[in-house]
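One structure is given below, encoded as structure tokens.
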Amino acid sequence: MFYMKHKGNKLPIRDDNVYTKCPECGREHHVDLQEILSTGNADLYSTRVLCRACSERVLVKKEGR
Ligand SMILES: [Zn+2]
């Protein structure tokens, strides 16, 4: 188990309390670290995760719909 520390308090990293900001729109959104790290090529410093709305927009663009 990993956890963060803030002023001596342990902050457990769970599947429901990890957030990031979308690099496209800046919206804060929940991420599942386990899912991200299971891709095998992600790291905690440089991996950027789009929010659901931006992901869908990018997918639509790629598929040319
Ligand atoms: Zn977004």
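Read-outs: derived from the displayed coordinates by stated rules, not from any lab. Keep in mind that what you see is a predicted model, and the values were worked out from it rather than measured. Because the Cβ atoms are built from the backbone with ideal geometry, glycine has one as well, and the counts that use them run over all protein chains shown.
Consider region 27-38. How many of its residues are over 12 Å from Arg52 (Cα atoms) and of a type outside the set (S, T, N, Q)?
5
What strands (runs of 3 or more DSSP E) completely inside the chain contain at least 1 residues that are more than 16 Å from the chain's Cα centre (by Cα) and more than 10 Å from the ligand (Cβ to nearest atom)?
3-6, 9-12
Go through region 1-26 and report how many residues are loosely packed, with under 12 Cβ neighbours inside 10 Å and closer than 19 Å to Ala53 by Cα.
Total satisfying the criteria: 3.
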